[in-house]
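Note sheet for the following structure.
The values are calculated or read from the model by the stated rules, or taken from the named source; none is laboratory data. Source: prediction; values computed, not measured. With ideal geometry, Cβ positions are generated from the backbone for all residues, glycine too; neighbour counts draw on all protein chains shown.
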Amino acid sequence: MKIVVVGGVAGGMSFAARARRLAEDAEIVVLERDPYVSYANCGLPYHLGGEIGDRDALLLHTPQSLAESLALDVRTGHEVLAIDPAGRTVAVRERATGRDYHEAYDVLVLSTGAAPVIPPIPGAGLPAVRVLRTVPDVDVLRELVDGGARRAVIVGAGFIGLESAEALRHRGLAVTLVELAGQVMPALDPEMARSIELELRRAGVEVRLGTSVTALREAGRGTVTASLPDGSQVPADLVLLAAGVRPETSLAAAAGLALGTRGALLVDGHLRTSVPSIYGVGDAIEVADAVTGGPALVPLAGPASRQGRAAADHLFGRGGRRSPVLGTAIVRVFGTVAAATGPGEKALCAAGIPHHAVHLHPNNHAGYYPGARPLHLKLLFAPDGRVLGAQATGGDGVDKRIDVIATAIRAGLTVDDLAGLELAYSPPFGSAKDPVNLAGMVASNLLTGDLALWRGSDLLHPGPQEVLLDVRSAAEFRSGHLPGAHNIPHTELRQRLGEIPRGRPLLVYCASGFRSYLALRLLRQSGWPDVRSLSGGLSTLQLELPGLALDQGEPVAELTGTGR
Ligand code: FAD
């Protein structure tokens, strides 16, 4: 059997390597238009920032090493120009010589990846305006920085924009990050993305949200000026366009293969395109969202690699089905890590999927062990308890919690299962009740009715007669509290129940949601049926409502008859 693979990086090489391990006698040709194969594109931002100093470390293989270890015929600098599905040939151009030739195949694998979206900005073609997708891209960016670039504008605050902002700050550049959405990391829910925005600002990145670059103008000596709609003119020695990617499917489209969402390649459960002798894997294909069941584009390395292997398995009779995709992803932005798995609240609302959300802020490991740091965790789950998604920010341990929850979602576990998971624990690594267990417990309490929650939207749209009750200490209250709130520290609540009006809904809050939960349980069992606890406490509320102004001053002595 002769197999031709188009695209020699994540998905394509994963396919080729697995195919060789299953079929020693197959002829396997890999055609890659760029000068490198099997390189670490995920490492490019870290090379830009200097953390990966050795450029060669990114180049995991060469055509020679792949010929020696896997007997693959890897041709770099060979671009596929067209596919003839009926004749089972591809038209190829050797870039260095301009030689055109045809390569026949029995099976074709398309792993052509994705292309950066170039927003229609006048001046986007100027030499200082770049993208980051390949090794040659990072070479050019490094040349600009090594050549004295001091100011950068980055368009787009997704994963690549954020990693590049960090990299360029590490190299000493002044960085302005411009994002069309009203938040960084549009894939996250806004309150979860806010920690990343704050971290960017702490690190000196100028973050411009809800706006766009409308024009780029040459400003002499290779520099450009970026215009924003409010009239600001941001000077830059380099502009990085990181406005997302689109599936690279022009070859497939010209060959008449069926396309789906935003031009992505349609594949069946075995990763076959509409022409069964042609497989499609990686960023170029449309995947099935594991939770919503809907079509999705998930341009990430993990799915691409697994699809490459699954397609080879199917070709050689080993089952080989594509896995539904959760979009589990992680990014480090200076000292903060953000990770997510499954759909967020925005996506669940858009898909019309009923869900609940809880927020909590447990320490990443035992609080008494030095270096503990809060982990901001949001868990999304269905009314029947099935775990649907999670998002987390913090430092060490964000990855572990999101990965555990990703596994739980794949296994169809419920929030009760999360509460009961047995996870590795010693003080430097976690707590006897791990944040994942705690998330399961809070969610279980919500489903059983032992807990009821309120959120920022309730503050913006207060119900009649609601009483805001702050159960933090008097000192915490004095340092900043919600306007109109009353203060009874949770430790004094049993003695001061007489101060709380009966028959009115109580919105209780504290810093993180734990003390207000204790207060809720006490109040519920003492004759107040309508008590709700602020989800994630003020920590979450201040992320949800960034402009929220807190009052300062002494608690009012008399509570009865007051309220909002
Ligand atoms: P690619 O790896 O992009 O490979 C496609 C290849 O096909 C390209 O080399 C292209 O030149 C070639 N090709 C296209 N058309 C033709 C043609 N006509 N003829 C010949 N060759 C062709 N993902 C993560 O999960 N985690 C990360 O941290 C992460 N970081 C990233 C950082 C950067 C800077 C970038 C650019 C991507 C990152 N990704 C990350 C995404 C990840 O790299 C991709 O999802 C993954 O590489 C997709 O694999 P693929 O095989 O579909 O496409």
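Tabulated values for the structure
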| item | result |
| --- | --- |
| Test: residue in the range 79-101 that is of a type in the set (Phe, Trp, Tyr) and within 27 Å of residue 316 (Cβ to Cβ) | no |
| Of the criteria (1) over 24 Å from residue 6 (Cα atoms); (2) part of a strand (DSSP E or B); (3) within 14 Å of the ligand (Cβ to nearest atom), which one residue 160 fails | (2) |
| Neighbours by Cβ (under 6 Å, 6+ apart or cross-chain): first from the range 400-413, charged (D, E, K, R); second surrounded by 20 or more Cβ atoms within 10 Å (Cβ to Cβ) | 401/392; 401/435; 401/436 |
| Hits in the range 197-214 - residues which are of a type in the set (A, V, I, L, M, F, W, C) and crowded, with 18+ Cβ neighbours inside 10 Å | 200, 205, 207, 213 |
| Sole residue being of a type in the set (Lys, Arg), modelled with pLDDT of 95 or more, in contact with a His (Cβ under 7 Å, 6 or more places away or on another chain) and surrounded by 15 or more Cβ atoms within 10 Å (Cβ to Cβ), chosen from 455, 515 | 515 |
| When residues of the range 99-114 are limited to those that are touching a residue at least 12 places away in the same chain (Cβ under 8 Å) and among the hydroxyl-bearing types (Ser, Thr, Tyr), the one nearest to residue 26 (Cα to Cα) | 105 |
| Close pairs (6 angstrom Cβ cut-off, 6 or more residues apart or separate chains): under 19 Å from residue 331 (Cβ atoms) in the range 200-214, surrounded by fewer than 17 Cβ atoms within 10 Å (Cβ to Cβ) and small (Gly, Ala, Ser) anywhere | 209/182 |
| Yes/no for residue 327 being surrounded by 24 or more Cβ atoms within 10 Å (Cβ to Cβ) and on the phi > 0 side of the Ramachandran plot | yes |
| Helices (runs of 4 or more DSSP H) (entirely within the range 1-84) containing at least 2 residues that are in contact with a strand residue (DSSP E or B) (Cβ under 8 Å, 6 or more places away or on another chain), more than 18 Å from residue 108 (Cα to Cα) and more than 9 Å from the ligand (Cβ to nearest atom) | 63-70 |
| From 311, 288, residue being outside the structural domain of residue 341 (by TED's automatic domain parsing), surrounded by fewer than 20 Cβ atoms within 10 Å (Cβ to Cβ) and more than 11 Å from the ligand (Cβ to nearest atom) | 288 |
| Spans of strands (runs of 3 or more DSSP E) in the range 105-156 with at least 1 residues under 22 Å from the mean Cα position of the chain (by Cα) and crowded, with 19+ Cβ neighbours inside 10 Å | 114-116, 151-155 |
| Residue match in the range 195-217 (condition: more than 30 Å from residue 457 (Cβ to Cβ), modelled with pLDDT of 95 or more, within 16 Å of the ligand (Cβ to nearest atom) and among the charged types (D, E, K, R)) | no |
| Residues satisfying the stated conditions in the range 299-321, i.e. of a type in the set (D, E, K, R) and in a loop (DSSP other than H, G, I, E, B) | 318, 321 |
| Criterion: surrounded by 24 or more Cβ atoms within 10 Å (Cβ to Cβ) and either in contact (Cβ under 8 Å) with a residue 12 or more places away in the chain or not assigned by TED's automatic domain parsing to the domain that holds residue 150 (or both) - qualifying residue of 259, 266, 228, 238 | 238 |
| Among the candidates 362, 370, 374, 383, residue that is more than 16 Å from the ligand (Cβ to nearest atom) and more than 30 Å from residue 427 (Cα to Cα) | 383 |
| Whichever residue in the range 535-547 is part of a loop (DSSP other than H, G, I, E, B) and either in contact (Cβ under 8 Å) with a residue 40 or more places away in the chain or in contact with a Lys or Arg (Cβ under 6 Å, 6 or more places away or on another chain) (or both) and, among such residues, is farthest from residue 466 (Cα to Cα) | 546 |
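Per-residue answers, yes or no, for (1) without any contact (Cβ under 8 Å) to a residue 60 or more places away in the chain; (2) within 29 Å of residue 209 (Cα to Cα); (3) within 10 Å of the ligand (Cβ to nearest atom):
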{"site": "94", "(1), (2), (3)": "yes, no, no"}
{"site": "116", "(1), (2), (3)": "no, yes, yes"}
{"site": "120", "(1), (2), (3)": "yes, yes, no"}
{"site": "124", "(1), (2), (3)": "no, yes, no"}
{"site": "132", "(1), (2), (3)": "no, yes, yes"}
{"site": "154", "(1), (2), (3)": "no, yes, no"}
{"site": "172", "(1), (2), (3)": "yes, yes, no"}
